[in-house]
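Contents: one structure, followed by commentary.
The values are calculated or read from the model by the stated rules, or taken from the named source; none is laboratory data. Computed from a prediction, not measured in an experiment: that's the story for all the values here. Cβ atoms come from the backbone with ideal geometry, glycine included; neighbour counts cover every protein chain shown. SASA here: full protein model, heavy atoms, side chains in, ligands and nucleic acids out. Shrake-Rupley method; radii C 1.70, N 1.55, O 1.52, S 1.80 Å.
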Amino acid sequence: MADAETSATHPAYPVGLRLAGRRVVVLGGGQVAQRRLPALIAAGAAVTLISPSATPSVEAMAETGEITWVKRRYEDGDIADAWYALVATSDPAANAAASAEAERTKTWCVRSDDAEAATAWTPATGRSEGVTVAVLTGHDPRRSAAVRDAIVEGLRDGSIAAPAHRTRSPFVALVGGGPGDPDLITVRGRRLLAEADVVIADRLGPRDLLAELPPHVEVIDAAKIPYGRFMAQEAINNALIEHAKKRKSVVRLKGGDPFVFGRGMEEAQALAAEGIACTVVPGISSSISVPGAAGIPVTHRGVAHEFTVVSGHVAPDDPRSLVDWASLAKLTGTLVILMGVDKIGKIAEALIAHGKSPETPLALVQEGTTATQRRVDATLATVAETVKAEEVRPPAVIVIGDVVREAPHKLTKPTP
């Protein structure tokens, strides 16, 4: 076994173990095993857990067949034929015996209770889009974790530039930017933005993120694409296809979620028709995030057991409308309307005509999650006049239902 002097003189040699299909033995079913087992399972290892007891999470791994659980204490010979062993029992004598067996059988062995007695150390690891970061700092695991976190976060948000050196195929990412606050975009969405050559952005996307892009990135305002003889959406589709075929990294930055009234599927279908690979990065929909930012729960125990999200860009009396307003009026849950500020008067009339109480509470949350967010309350009977009097303008999310009363009015500004 390595002694303290040897460990201090010679740093650990880093290596990546390929454990798929190979026997790994874990001794002890406590918190250490609970933390380490998922990575071993993800690596494809054939894990045998030896322990008389286990945490509920570890027990669940055994019940689902992810690991094999032998319900007893360690016995000499348990580590035979193992490629790797993790010793993490609460019995120091058993740990020492298992470590000695690993030394005899030349099995790489990690000990949770005594790193100096181990033949291997577990690095602080993290992953980002196919890159595994593993950090060892000797006897300072907190520093290892801090360094790991800094590197992984840098890879994810683009502050550490590490472009992939491979031939690039045409590719587009449809990224949901969330409701407006730049901090509410997903980690993957922010990383793809940092790697983009071209960004085609919606007006309602998180504009502050565009200011962070490097100077070489071409930012195209989707609202200003020259339409020519094409429909607006067809022009956007053509722009995506054109730039992708130039083998540029293209991000279509959309507000909210690409598939919640975002016409993302139309863009994905257009790309597929041209044989261009496309990935969809979900975004936080304004239908739930904006009410939440204003302190309004779309569901609440004893008040609303469901919520329905509806597009309000077409009025109820418009023959193009696909919404069954009569059925919506009968629901007892929460109704969330997007893109409906200029049609809310007719929407309210339709709901009341189909049986909804005129006194049903309603809130309009304008510019939700941003510094200019404001909330205006009304009822179905008063909302048309309230919108005019308060000069409510899009974008605004409309929440209809008793949950509006559950929200204290003081929670109307997003947390900085």
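Quick notes on this structure:
- Charges were assigned to the Cβ only: +1 to each Lys and Arg, -1 to each Asp and Glu. The resulting dipole of the chain about its Cα centre is roughly 700 debye.
- Lysine pair number, Cα distance threshold 15 Å (strictly under), the chain, separation 8 or more or different chains: 5
- With contacts taken as Cα pairs under 8 Å at a separation of at least 6 residues, the chain carries a relative contact order of 10 percent.
- The figure for TRP121 is an accessible area of roughly 70 square angstrom, using a 1.4 Å probe on the protein chains alone.
- In the chain, helical runs assigned H by DSSP with n ≥ 4 each contribute -39500 (n - 2.57); averaged across all residues and rounded to the nearest 500, the mean residue ellipticity at 222 nm is -8500 deg cm²/dmol.
- Whole-Hz couplings from phi, Karplus 6.51/-1.76/1.60, listed for region 111-122; x for Gly and Pro: 10, 6, 9, 8, 5, 5, 8, 8, 9, 8, 10, 8
- Computed with a 1.4 Å probe over protein heavy atoms only, the accessible area of VAL309 comes to about 50 Å².
- Degrees separating the helix 141-157 axis from the principal Cα axis of the chain, which is the longest one: 40
- For region 288-377, alpha-carbon Rg relative to the globular expectation (2.2 N^0.38 Å, N residues): 1.09
- Integer Hz, Karplus 6.51/-1.76/1.60 couplings in order for region 282-298, x for Gly and Pro: x, x, 6, 6, 5, 5, 10, 6, 5, x, x, 5, 8, x, 9, x, 6
- Net charge, GLY264 excluded, C-beta distance under 9 Å - Lys, Arg +1, Asp, Glu -1: 0
- Restricting the trypsin sites (Lys or Arg not before Pro) of region 251-340 to loop positions (DSSP other than H, G, I, E, B) with no more than 13 neighbouring Cβ atoms within 10 Å leaves ARG301, ARG320.
- Average silhouette area of region 263-416, convex hull of alpha-carbon atoms, in square nanometres: 10.9
- With the gyration tensor restricted to C-alpha atoms of region 312-362, the semi-axes of the equivalent ellipsoid amount to 16, 12, 10 Å, longest first.
- The listed residues GLU116, GLU385, once ranked by accessible area (1.4 Å probe) with the largest placed first, stand as GLU385, GLU116.
- Estimated Rh, region 65-222: Kirkwood, alpha-carbon pairs, angstrom: 19.7
- With viscosity 0.890 mPa s and temperature 25 °C, the Kirkwood radius over alpha carbon pairs of region 250-340 converts through Stokes-Einstein to a diffusion coefficient of 160 µm²/s.
- DSSP-defined antiparallel bridges as percent of all bridges, region 294-416, nearest 5: 75
- Scattering curve values for region 58-121, log₁₀ I(q)/I(0), Debye with Cα scatterers, q = 0.11, 0.22, 0.27 Å⁻¹: -0.26, -0.92, -1.18
- Nearest-ten-degree value, helix 232-245 long axis tilted from longest Cα axis of the chain: 30
- For region 247-297, the fraction of alpha-carbon pairs lying more than 12 Å apart is 68 percent, rounded to a whole number.
- Solvent-accessible area of THR64, all protein chains in place: 100 Å² (probe radius 1.4 Å, heavy atoms, ligands and nucleic acids excluded).
- Region 24-147 gives an Rg/Rh value of 0.96, both radii derived from C-alpha positions and Rh following Kirkwood.
- Remark: region 85-158 projects, on average over all directions, an area of 5.7 nm² (convex hull of Cα atoms).
- Largest GNM mean-square fluctuation among GLN31, GLN269, GLN233, using the chain with Cα springs under 10 Å: GLN31.
- Taken one residue at a time, the phi angles of region 53-60 give Karplus couplings (6.51, -1.76, 1.60, θ = phi - 60°) of 8, 7, 5, x, 5, 5, 4, 5 Hz. Gly and Pro are set to x.
- Beta bridges per DSSP with both ends in the chain, % antiparallel, nearest 5: 35
- The Cα-based radius of gyration of the chain, divided by its Kirkwood radius, gives an Rg/Rh of 1.10.
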